[in-house]
Amino acid sequence: MTLSDIMKEQRKRQKINEKSPTEVAAYWTGEDLLDGMPTKSHTIIFQTRGCYWGLRGGCTMCGYIADAAARPPTPEDLLAQFESVSRRIDHGIVKIFTSGSFFDPGEVPEPVRDKILSELNLYADKVIVETRPEFVTDKIVSAAKMHVDRLEIATGLETSNDNIRLNSINKGFLFKDFVRAAEVAKAHGLTTKAYLMMKPPFLTEKDALEDMVQSVMDASKYAETISINLCNVQRGTLVDELFYRKAYRPPWLWSIVEVLKRVHGKTGSVITSDPLAAGQNRGPHNCGKCDYEFADALRKYSLTQDISVLNQLNCDCKSLWQKTLELEDWTFGSPLVY
Ligand code: SF4
Ligand SMILES: [Zn+2]
């Protein structure tokens, strides 16, 4: 049985969150860097038919399929979703997710895509759309570019290591596919953002740390921005199943701090990490006492790129984390500490 077969079985058991087809899956505001300045950002997650790859099983840590619509939204539904949030956007960065690919015409038909982009162009300073690399084609990119002045293409590369991407994440594409997409974006004057995933399943803490250092270095040759997601345990995923069996622990916050210290100043990219669910058992965590301080420092680093906020961090749990790095190679993938 392949990982893909396991994921197909897994998806059959995953529950879909029922919502009206005219409601977005989520919308929130935050802050991100724009030309070196912290700037208001708006994140919209559209409710679409769902990621085609996810519907076939998809990635081992991805719970987004739960946000897919129970019945495929019509073009009018998608535009109603957009209108329900667009009046709250007056400037700043707009990040568009679909829990899949904004450029997949099966999720967002071309006329809907064009309308959303051209309207956003009236008030957003920059628009970022997430998509798998196979949808980044000359045809799609040049059509999108006609409607928006400043566009960035974000791709969930996850890691530059093909073995990990295929056999730990089940992502179904190769590093060279990401490189091709980034080159298409560049040829059209667009920038690229790479999302990386720290500690997908079946990796020791140390392997996960080394993988992120290498992945940042590799991706930075093609991506102006790199955002490191720290794996958290989303309901209904394979990671959730492993977590339940005590075979998975989300990454230590010490590990991401170490990654950022090691890559800082070595690339020309902006490197960020928003530690979602930090401090929870299902999210990245240290000992429970220092988690919020670490999460705050990571958010500050992401907005300032000032490494001194990470250099100041300390806690008694550092030695336990160091022992974990040293000894987990001997436990055949089982976490030493939860
Ligand atoms: S992580 Fe992205 S590509 Fe993978 S199943 Fe989820 S939405 Fe699809
Ligand atoms: Zn601690």
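Using DSSP to define loop residues, name the GluC sites (Glu not before Pro) in segment 219-305 whose beta-carbon has at most 16 other beta-carbon atoms within 10 Å. Taking segment 219-305 and a limit of 16 other Cβ atoms within 10 Å, no loop GluC sites (Glu not before Pro) are found.
Helix 253-263 axis versus longest C-alpha principal axis of the chain: approximately 70°, rounded to the nearest ten.
For the chain, the 222 nm mean residue ellipticity estimated from helices alone, with every DSSP H stretch of n ≥ 4 adding -39500 (n - 2.57) and the total spread over all residues, rounds to -11000 deg cm²/dmol.
As I understand it, the dipole of the chain uses +1 on the Cβ of Lys and Arg and -1 on the Cβ of Asp and Glu, about the Cα centre. Which of Thr204, Ile271, Ser101 lies farthest toward its positive end? Sorting the options by dipole projection puts first Thr204.
At a Förster distance of 30 Å, what's the computed FRET efficiency of Met146 paired with Leu174, Cβ-Cβ distance as r, to 0.05?
Working: r = 30 Å, r/R0 = 0.99.
So the FRET efficiency works out to roughly 0.50.
Place a +1 charge on the Cβ of each Lys and Arg in the chain and a -1 charge on the Cβ of each Asp and Glu, then give the dipole magnitude about the Cα centre in debye, rounded to the nearest 20. Charge dipole of the chain: 500 debye, to the nearest 20.
Taking the average, over residues, of other Cβ atoms within 10 Å as the packing measure, peptides 135-144, 323-332, 111-120 rank 111-120, 135-144, 323-332 from highest down. Put the Cα centre of segment 275-338 next to the Cα centre of segment 1-72 and the gap is 26 Å. Full extension of the chain between Gln280 and Trp330 yields a length gain of 15.4 nm, computed as 0.36 nm times the residue separation minus the alpha carbon distance.
Computed over segment 247-338, the quotient of the alpha carbon radius of gyration and 2.2 N^0.38 Å is 1.09. The stretch between Ala80 and Ser118, if pulled fully straight at 0.36 nm per residue, gains 12.1 nm over its current Cα-Cα span. As I understand it, the dipole of the chain uses +1 on the Cβ of Lys and Arg and -1 on the Cβ of Asp and Glu, about the Cα centre. Which of Val337, Leu34, Ile256 lies farthest toward its positive end? Most positive-ward Cα: Val337. Given their separation in residues at 0.36 nm each and the Cα-Cα distance between them, Tyr292 and Lys15 gain 96.6 nm when the chain is fully extended. The simple spin-label model puts a point 7 Å past each Cα toward its Cβ; for Arg88 and Lys139 those points are separated by 3.6 nm.
With the convex hull constructed from alpha-carbon coordinates only, the chain shows a mean projected area of 15.9 nm² over all directions.
Roughly what angle does helix 318-327 make with the longest principal axis of the chain, taking Cα atoms, 0 to 90 degrees, to the nearest 10? Value to nearest ten degrees: 90. The angle between the Cα long axis of helix 75-86 and the longest principal axis of the Cα atoms of the chain comes to about 70 degrees, rounded to the nearest 10. In this calculation the C-beta distance from Asn311 to Ala70 is compared with R0 = 45 Å, giving a FRET efficiency of 0.40.
The simple spin-label model puts a point 7 Å past each Cα toward its Cβ; for Ala247 and Ala187 those points are separated by 4.3 nm. Averaging the sequence gap over all C-alpha pairs within less than 8 Å and six or more residues apart, then dividing by the number of residues, gives segment 3-330 a relative contact order of 14 percent.
Given charges of +1 on the Cβ of Lys and Arg and -1 on the Cβ of Asp and Glu, with all other atoms neutral, how large is the dipole of segment 11-71 about its Cα centre, in debye to the nearest 20?
Numbers: 9 positive and 6 negative charges, 131 e Å.
In total the dipole reaches around 620 debye.
Quick note: the coordinates plus some simple rules give every number you see, no bench work behind them. Please read these numbers as outputs of a predicted model, since none were measured by experiment. Note: ideal-geometry Cβ built from the backbone for every residue, glycine included; neighbour counts use all protein chains shown.
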